[in-house]
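Comments concern the structure below.
The values are calculated or read from the model by the stated rules, or taken from the named source; none is laboratory data. Quick caveat, the model's predicted, so the values are computed rather than measured. Neighbour counts run over all protein chains shown; Cβ positions are idealised from the backbone, glycine included.
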Amino acid sequence: MNQPDQQEEWVQCGVPLRRIMIAVDDSKASMQALRFAARVAPRDADVRIVCAAEQPRAWQAGGAYTAGDAWLKDTLAAARQELRLEAERTLEQAMAAFDGQVASVSGHVLNLSGEAGAVVHALSAAASEWQADVLIVGARHRGRMKRWVDGSVSGALAVCAPCPLLVVPAEYETCGEPRFARMLVATDGSEASAQAIEAAMRLVEPQIALRAIYVVDRSSVAGGPVAAPGLEETLTGVGRNALAAAREQLEPAGCACETALVATGLMRDDIAHAVLRDAEHWNADLVVLGTHGRRGVARWLLGSVAQRAVEITHLPLLLVGPGEG
């Protein structure tokens, strides 16, 4: 295949991302999310960066006041104003990273209520209203989470975001390359996996190397209804079929693509760990997972795998729910 033909085939394989939303705060995780977003955003993309103006602590704690408590009312108003100013300063710094790099960049302050789950709801609503092609967030795994973009938020968004969710852990460090170059897709042969691959194709460029893997869950073999050797053989056959389907779906990208069967350990192991081990060994820049699937001999429970992966990953994850391809 000559180069012009390859380029033409790539252009036809998926519509590139055009509307990219990034959630930020003042954490290292958010800075890493911004850096990775710059690696995946096309120059003709529209980028919207959102930041939360949190409620003052007295409000979050459920502190009530009466009409006569004017001093408390004024104090809370001043605190809310200061938090909004902090959010605006964070937005200005984040927006500067994309100045001249994309078609447009805008900032938006999200006003949070004091209710539990307010961050997840606010982000989901903002992404839906703006019709984002992807929502990018940072995640931290160590210590007590004090900022609004943290591991618990990204974990909850993994199953309820209205668009594909790209989670970038604070621990992730780029290799200095301006664009990402290696994408790993985990498949179980389900429709959810096919939709995840379809969404991933929107990030594919001709120079990207692709790898599709199927994880044979050997840790579940011992407790299965079929004798262990027979069950593992069945899972292996299902995996080969899933990989063949994934290869066929990825082929139009015109990129170098490989497939592999991967197995969990027999004890104290799971699919999420197996996927991320393989991704790290292969030096992947991005791991792609569907977030919904069916449990059974043939398929994983993808929602559980995706949420577990968010908790432990040191690599960026693209999580795709049903209908988001």
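Those strands (runs of 3 or more DSSP E) of the range 95-202 in which at least 2 residues are modelled with pLDDT of 80 or more and more than 17 Å from Leu315 (Cα to Cα), considering only elements entirely within it, cover 104-111. Selection of the range 61-84 for residues being over 25 Å from Leu123 (Cβ atoms), modelled with pLDDT under 70 and exposed (fewer than 14 other Cβ atoms within 10 Å of the Cβ) yields Gly63, Ala64, Thr66, Ala67, Gly68, Asp69, Ala70, Trp71.
Filtering the range 44-60 to residues that are in contact with a Gly (Cβ under 8 Å, 6 or more places away or on another chain) and either closer than 9 Å to Arg80 by Cβ or at pLDDT 85 or above (or both) leaves Arg48, Ile49, Val50, Cys51, Gln55, Trp59. Taken over the range 93-104, the residue count meeting the criterion of being without any contact (Cβ under 8 Å) to a residue 24 or more places away in the chain and loosely packed, with under 12 Cβ neighbours inside 10 Å is 3.
Within the range 227-238, one or more residues are part of a loop (DSSP other than H, G, I, E, B), small (Gly, Ala, Ser) and either more than 26 Å from the chain's Cα centre (by Cα) or outside the structural domain of Glu191 (by TED's automatic domain parsing) (or both).
The number of residues in the range 263-286 that are within 19 Å of Leu315 (Cβ to Cβ) and either aromatic (Phe, Trp, Tyr) or more than 22 Å from the chain's Cα centre (by Cα) (or both) comes to 3. Contact annotation: residue pairs with Cβ atoms under 7 Å, 6 or more positions apart or on different chains, pairing a residue in the range 21-37 that is more than 15 Å from Thr90 (Cβ to Cβ) with a partner that is at pLDDT below 90, are Arg35/Thr174. Of the listed requirements (1) crowded, with 16+ Cβ neighbours inside 10 Å; (2) at pLDDT 95 or above; (3) assigned to a strand (DSSP E or B), Leu289 misses just one: (2).
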